[in-house]
Amino acid sequence: MYIRLLILSILLLLFACNNTENNMQVNTPFQVAIDAMGKDFQIEISNLNISQELSAVGSPNSAKVTIEQFSLLDDSISAIKDIFVLSFDHGQWIIQERNTLYKCYHGREPNAFSSALCK
């Protein structure tokens with residue numbers, strides 16, 4: 001009987017530890033934005049610039065995360081910039097707005113980002 005109780009206790013402890021690890025998620029504006037980029041993000045590796053701006057350092061209630069990919073393997077797109085606007089609500093960072101902008105090699109001003117796709 002004692003051995004059964006010991007084995008059951010160990011199994012319950014292991015299950016609880018495993019459950020805790022699966023439920024623990026880092027909830028920062030940066031992590032939420034990276035997760036929103038999807039599982040194919042950086043499947044074709046490129047250079048990145050990532051910035052995060054908070055409304056306040058101590059207790060922010062809003063944030064802006066910018067993820068710029070450049071030196072892409074595409075002959076028409078020079079860079080892609082994703083801009084996320086997030087708010088902190090009920091202990092979670094939530095994306096309020098996402099804009100994707102493109103910088104093209106051809107067809108328009110080469111240093112300007114636009115929401116229009118490159119040709």
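Can you run down the residue pairs with Cβ atoms below 6 Å, 6 or more apart or on separate chains, where the first is in the range 73-84 and touching a residue at least 24 places away in the same chain (Cβ under 8 Å) and the partner is in a strand (DSSP E or B) and among the hydroxyl-bearing types (Ser, Thr, Tyr)?
Close Cβ pairs satisfying both conditions: Ile77/Tyr102; Asp82/Thr100.
For the range 43-72, which positions are of a type in the set (S, T, N, Q) and in contact (Cβ under 8 Å) with a residue 12 or more places away in the chain?
Selection gives Ser46, Asn47, Asn49, Ser51, Gln52, Asn61, Ser62, Thr66, Gln69, Ser71.
Among the residues of the range 26-80, how many are over 27 Å from Cys104 (Cβ atoms), in a loop (DSSP other than H, G, I, E, B) and over 15 Å from the mean Cα position of the chain (by Cα)?
Residues that pass the stated criteria total 7.
No value in this document is a laboratory result; all are computed from the given coordinates. Note that this is a predicted model, so its numbers are computed, not measured. Please note: Cβ atoms are built from the backbone with ideal geometry, for glycine as well, and neighbour counts cover all protein chains shown.
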